[in-house]
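Worksheet: the structure to be examined is printed underneath.
The values are calculated or read from the model by the stated rules, or taken from the named source; none is laboratory data. Treat the numbers as computed from the prediction; the structure is a model and nothing was measured. Glycine also receives a Cβ, built like all others from the backbone with ideal geometry; neighbour counts cover every protein chain displayed.
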Amino acid sequence: MSLVAQRGKLAPQKLHFISGLPRSGSTLLSALLRQNPRFHASMSSALAPLVAANLNIMGSGTEVSLLLEESQRPAILKAVVAAFCRTTTDREIFFDTNRQWTARMPLLADMFPESKVIACVRDVPWVMDSLERMFRKDPYENTRMFGNDGERATVYSRTEALARHNRLVGLAWTSLKEAFYGEHSKRLLIVDYEILTRAPEKTLKLVYQFMGESWYKGHDFDHVEFDAERFDEALGVKGLHKVRPKVEFKARKTVLPPDLFRKFEGMDFWKDTAGTSASVIVAQQTAPAARKAATLEEAVAE
């Protein structure tokens, strides 16, 4: 199904957002969603930076803010978003990915009241483990994940840098926590990486249910395609957005020292739904770490 025509004009695209923690399945989720010919989904796009740049230009203290009416700001932002989405694809439903979206829930609620946000998560020690593995994969490359030799010196300095509140993991984690306990949490769905990889079809059906969309029977969980080789090489992190063809969970031993792994345990606040209206697809807390197998229908809390 392509564009829907209404009286000779293009129907407005529906817009939703993908966010969450790095190395937690957002690229995999996008690769699965885009199998539906009605859906567009990809890795992080230029949309969030474009929105941020326009907000900065129009914000208080700039010359532009003195020349604009307050009502023009949302209209301009909506026009920027609509132009970006429409020139990217003609598919009916647009999923835009960026880890900063969870820090902009009030803006999304006001501009796009029908939109939803899907946040992919993973236990933070395993996020750090995955990023450390990416770093070690190419010892001849100074990845742009770190700002200087001091940060990239050891596994301790690398994880400390990534965990800061304005850096890759720390910013994503604090943004997600803000959204999870915020006033717009009802529009948020948490999707756990392990559940997604262990039971992809059941998980994806729940995502469809949350989005209010009819199920697409053409999803193929044994032949998934996505790679952004040129983008990853520019970052100095090869394979960052590469997805394996078959969706499956693979257990492994961590490369982090035991004390460092323990340091980041217990940061999975999304497993306690008290104080939030967010929906969650996560494994039961009481299940053994190596054999989490919660019934997905029971794992969704609203």
Legend entry - Residue under evaluation G147, criteria (1) out of contact with any strand residue (DSSP E or B) (no Cβ under 8 Å at 6 or more places or on another chain); (2) surrounded by 16 or more Cβ atoms within 10 Å (Cβ to Cβ); (3) assigned to a loop (DSSP other than H, G, I, E, B), criterion not met: (2)
Legend entry - Test result for F210, over 15 Å from the mean Cα position of the chain (by Cα), modelled with pLDDT under 95 and not β-branched (V, I, T): no
Inset, instruction - Please name all residue pairs, on different chains or six or more residues apart, with Cβ atoms under 8 Å, provided the first residue is in segment 143-168 and is farther than 14 Å from M128 by Cβ and the second residue is at pLDDT below 95 and among the charged types (D, E, K, R). - result: T143/R152
Inset, instruction - Pull up segment 25-80, narrow it to residues that are of a type in the set (A, V, I, L, M, F, W, C) and part of a loop (DSSP other than H, G, I, E, B), then point me to the one that is farthest from the chain's Cα centre (by Cα). - result: L67
Legend entry - Matching option when the condition is farther than 24 Å from Q35 by Cα, touching a Ser or Thr at 6+ places or on another chain (Cβ under 7 Å) and modelled with pLDDT under 95, among F180, F135: F135
Legend entry - Qualifying positions in segment 86-118 - farther than 25 Å from V282 by Cβ and either surrounded by 21 or more Cβ atoms within 10 Å (Cβ to Cβ) or of a type in the set (K, R) (or both): R86, R91, F94
Legend entry - Boolean, R230 is modelled with pLDDT under 70 and either surrounded by fewer than 18 Cβ atoms within 10 Å (Cβ to Cβ) or assigned to a strand (DSSP E or B) (or both): yes
